[in-house]
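Just below is one structure, and these are the notes that go with it.
The values are calculated or read from the model by the stated rules, or taken from the named source; none is laboratory data. Source: prediction; values computed, not measured. Here the Cβ positions follow ideal geometry from the backbone for every residue, glycine too, while neighbour counts run over all protein chains shown. Accessible surface is based on the protein model in full, side chains and every heavy atom, while ligands, DNA and RNA are left aside. Shrake-Rupley method; radii C 1.70, N 1.55, O 1.52, S 1.80 Å.
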Amino acid sequence: MTATETRRAWIALILVIAAVTAFRALLIEIFADRTYFAGSDHLRDVGRGYDAFIAILHWLGLDVRAVQIAMTGAVALLAALIAQKLGGVIAAISAAILVLANKAALVNATEIEPETLLLLVCSVALAIVIWSRRWWRLASAAVAVVVIVFLFVSNPGTAFYEGVNPDATGYAGVPPRIVQDIEPSVQTAGARDVAFRIVAARALRRRTSDEDANRFWFDKARAFIDGYRDHAWTLTGRKARLLASGYDAFDTLEMFLANRDLRGVWIPWALLFPLAAAGALLTARRSLAVILYSILAALVPIAFGVTARMRNPLLAGAAILGGLAVPALLDVLHRNAFWAIVVVAFVVTAAVVLSLPDDMQREDEFLLAATHTASELAALGDFATAATWLPERAPAAPGDALHTVALRELAHTKSLPRSLSIAMALLQCGDAAGADEILQRLQSLDYRACRGAHAVSSVAYYR
């Protein structure tokens, strides 16, 4: 491209990013604000810096969701700038598209959680590292670490335990049952963290600070790793697999519903991940800093839990590497068409494989959908039907009504997780024979439930 053509391409790209961002800010108003803060002015325990960020936006009268959507547009621009420096204009355009077409990034921006701000901070830090002189790179990286710790680290010990314990699924954190029992009675922001602190205080038999509680739960996670190494390694391997999976796991019901409601053409993570891997292989020498950043960003969800929020900071590196892959593949195509076809075949095949749903995804989707459905039914007073969706959380229903509804719902469902819920509901109303019949069928199908700390993974347990 000539200098004039490059300048025109950048002007067009900036205008497109601005237009898409503005459209999204208007579009998101169509959807109800389901965030935790809807109709409330108090903040959850999401990090001191992010609390301050939200407070400033409220003081300025700015809409948090609109600002975070604008941040996503800024990340697209930064990714384009970095990709242009490393691979040219085509790489820049491709990187911006990969950011803007990532559905999970937009969903994350619609929720009052710090990951969108974290993505922007990481993108700025990465841009400084790419452009700065050598000594500035170390200084900027150190400053970025300090800023990230201040803004976003909140109770890392309890968060680590939620992702590393015998009941952990690899997706969203699973707290112990005792914490879940205490949490509803805590009438304050950050109720789960308070419940974790209460349990730690009872176990230690003294008043505990946040630091004491985090140390207590971190030691518990470390004890699990030391005592059950095979299980811990299996869990880590599962998280690594889920990191590459095309499924966007959401750890809040609000984000799950926003993801369900948003329509459009998106580039799935299952395609972005292998494309980024191809970019890393084809441009390893000049993109080494981006590769190292991506590896570090990938370690966080593997340590804690692979959700769309935890995976969000990895988007910057993945989009840049994916953008670099496009001109690199075009270059390989001109020099050796066969190898270009091999790389493209690898990316497409990997995308298809990573898109295939598995048992873990099925269970995660069911639990979120069942939570929403059971909540709506309970709000309407239909406790019996609610119990056939999520009996471990639904309010108690009269035995006769529950039995009648459970048999009716069983006749109309082919879902294995729903069948397990109905079996549990039948047990609640005293029909052990009917429940056992369902459980035998599920066991014959080699069905393995995944209900976190609410129920064990073997259906034989209920027999």
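The table for this structure:
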{"quantity": "Filter pass, Thr385 being in contact with a Leu (Cβ under 7 Å, 6 or more places away or on another chain), under 25 Å from Gln361 (Cα atoms) and polar (S, T, N, Q)", "calculated": "yes"}
{"quantity": "Enumeration of residues in segment 368-405 that are among the charged types (D, E, K, R) and at pLDDT below 85", "calculated": "Glu392, Arg393, Asp400"}
{"quantity": "Members of segment 156-189 found to be among the acidic types (Asp, Glu), in a helix (DSSP H, G or I) and in contact with a Gly (Cβ under 9 Å, 6 or more places away or on another chain), listed by number", "calculated": "Glu162"}
{"quantity": "Segment 387-405 - residue that is among the aliphatic types (A, V, I, L, M) and assigned to a helix (DSSP H, G or I) and, of those, most open to solvent (accessible area, probe 1.4 Å)", "calculated": "Ala401"}
{"quantity": "Qualifying residue in segment 109-126 (condition: open to solvent by 20 Å² or more (accessible area, probe 1.4 Å), at pLDDT 80 or above and of a type in the set (Val, Ile, Thr))", "calculated": "yes"}
{"quantity": "Extreme residue, most open to solvent (accessible area, probe 1.4 Å), among residues of segment 150-178 that are modelled with pLDDT of 80 or more, more than 23 Å from Ala244 (Cβ to Cβ) and of a type in the set (Val, Ile, Thr)", "calculated": "Ile178"}
{"quantity": "Filter pass, Arg285 being free of Cβ contacts under 8 Å to residues at least 24 places away in the same chain, open to solvent by 60 Å² or more (accessible area, probe 1.4 Å), among the charged types (D, E, K, R) and not in a helix (DSSP H, G or I)", "calculated": "yes"}
{"quantity": "Residue in segment 299-315 that is nearest to the chain's Cα centre (by Cα), counting only those that are crowded, with 22+ Cβ neighbours inside 10 Å and aliphatic (A, V, I, L, M)", "calculated": "Ala308"}
{"quantity": "Selected residue [at pLDDT 90 or above and open to solvent by 30 Å² or more (accessible area, probe 1.4 Å)] from Arg408, Arg418", "calculated": "Arg408"}
{"quantity": "Index of the failed condition, Arg206 passing every other in (1) surrounded by fewer than 18 Cβ atoms within 10 Å (Cβ to Cβ); (2) within 25 Å of the chain's Cα centre (by Cα); (3) not in a helix (DSSP H, G or I)", "calculated": "(2)"}
{"quantity": "Segment 421-448, subset within 30 Å of the chain's Cα centre (by Cα) and more than 17 Å from Ala387 (Cα to Cα), residue surrounded by the most Cβ atoms within 10 Å (Cβ to Cβ)", "calculated": "Leu442"}
{"quantity": "Among the candidates Arg241, Arg192, Arg197, Arg215, residue that is touching an Asp or Glu at 6+ places or on another chain (Cβ under 6 Å), part of a helix (DSSP H, G or I) and open to solvent by 40 Å² or more (accessible area, probe 1.4 Å)", "calculated": "Arg192"}
{"quantity": "Candidate set: segment 179-188, residues that are open to solvent by 30 Å² or more (accessible area, probe 1.4 Å) and farther than 16 Å from Ala159 by Cβ; chosen: the one modelled with the lowest pLDDT", "calculated": "Thr188"}
{"quantity": "Of residues in segment 260-305 being of a type in the set (Val, Ile, Thr) and out of contact with any helix residue (DSSP H, G or I) (no Cβ under 8 Å at 6 or more places or on another chain), the one nearest to Thr169 (Cα to Cα)", "calculated": "Ile295"}
{"quantity": "All positions within segment 288-301 that are under 25 Å from Gln68 (Cα atoms) and either outside any helix (DSSP H, G or I) or in contact (Cβ under 8 Å) with a residue 60 or more places away in the chain (or both)", "calculated": "Val290, Tyr293, Ala297, Pro301"}
{"quantity": "Residue match in segment 209-232 (condition: touching a residue at least 24 places away in the same chain (Cβ under 8 Å) and β-branched (Val, Ile, Thr))", "calculated": "yes"}
{"quantity": "Condition check for Phe250: at pLDDT below 90 and either assigned to a helix (DSSP H, G or I) or of a type outside the set (Lys, Arg) (or both)", "calculated": "yes"}
{"quantity": "Selection within segment 385-421 - in contact with a Pro (Cβ under 8 Å, 6 or more places away or on another chain) and without any contact (Cβ under 8 Å) to a residue 40 or more places away in the chain", "calculated": "Ala386"}
